[in-house]
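The values are calculated or read from the model by the stated rules, or taken from the named source; none is laboratory data. Owing to the predicted nature of the structure, the values given are computational and were not obtained by experimental measurement. Glycine gets a Cβ as well: all are built from the backbone with ideal geometry, and neighbour counts include every protein chain shown. Note: areas computed on protein heavy atoms with side chains; ligands, DNA, RNA excluded. Shrake-Rupley method; radii C 1.70, N 1.55, O 1.52, S 1.80 Å.
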Amino acid sequence: MDYIDFIDAPTVRDHLRRLPPLPPAQQSILIAQSGVRPLADKLAALKAIRDSTPLEDFSCGCWTFQCKDPFPVILDRYLRTFFRG
């Protein structure tokens with residue numbers, strides 16, 4: 001699954017298709033915030049990114065979160081929250 005397919009705005013999707021791929025953390029944030037795809041699709045895409053991305057690659061790009069944990073820790077916590085049940 002392509003992270004661009006999870007972006008709600010068609011204009012933004014079209015624009016991002018013309019650019020190099022965003023860093024993995026930014027892709028993950030866009031996927032998690034999607035309102036156009038079901039939760040199961042979002043979780044599958046996030047798990048695929050997490051499984052295929054070396055830890056150091058998550059430090060690329062700019063993003064902020066309400067805690068100071070490294071992005072892989074945040075992503076793992078997010079995935080565990082939904083995969084418990």
- Query: Would you pick out the residues in the stretch 5-30 that are crowded, with 18+ Cβ neighbours inside 10 Å and β-branched (Val, Ile, Thr)?
  - Reply: Ile7, Ile29
- Task: Go through (1) open to solvent by 70 Å² or more (accessible area, probe 1.4 Å); (2) closer than 19 Å to Tyr3 by Cα; (3) in a helix (DSSP H, G or I) and name the single condition Thr81 misses.
- Result: (2)
- Query: Can you name every residue in the stretch 1-36 that is out of contact with any helix residue (DSSP H, G or I) (no Cβ under 8 Å at 6 or more places or on another chain) and basic (Lys, Arg)?
  - Reply: Arg18
- Item | Every pair of residues 6+ apart whose Cβ atoms lie under 9 Å, when the first sits in the stretch 1-23 and is in contact (Cβ under 8 Å) with a residue 24 or more places away in the chain and in a loop (DSSP other than H, G, I, E, B) while the second is among the acidic types (Asp, Glu) and surrounded by 12 or more Cβ atoms within 10 Å (Cβ to Cβ) | Met1/Asp41; Pro23/Asp57
- Task: Please find, within the stretch 56-70, the residue that is surrounded by the most Cβ atoms within 10 Å (Cβ to Cβ) out of those that are part of a helix (DSSP H, G or I) and at pLDDT below 90.
- Result: Phe58
- Message: Within the stretch 31-55, take every residue that is charged (D, E, K, R) and assigned to a helix (DSSP H, G or I) and give me the one that is most open to solvent (accessible area, probe 1.4 Å).
- Response: Asp51
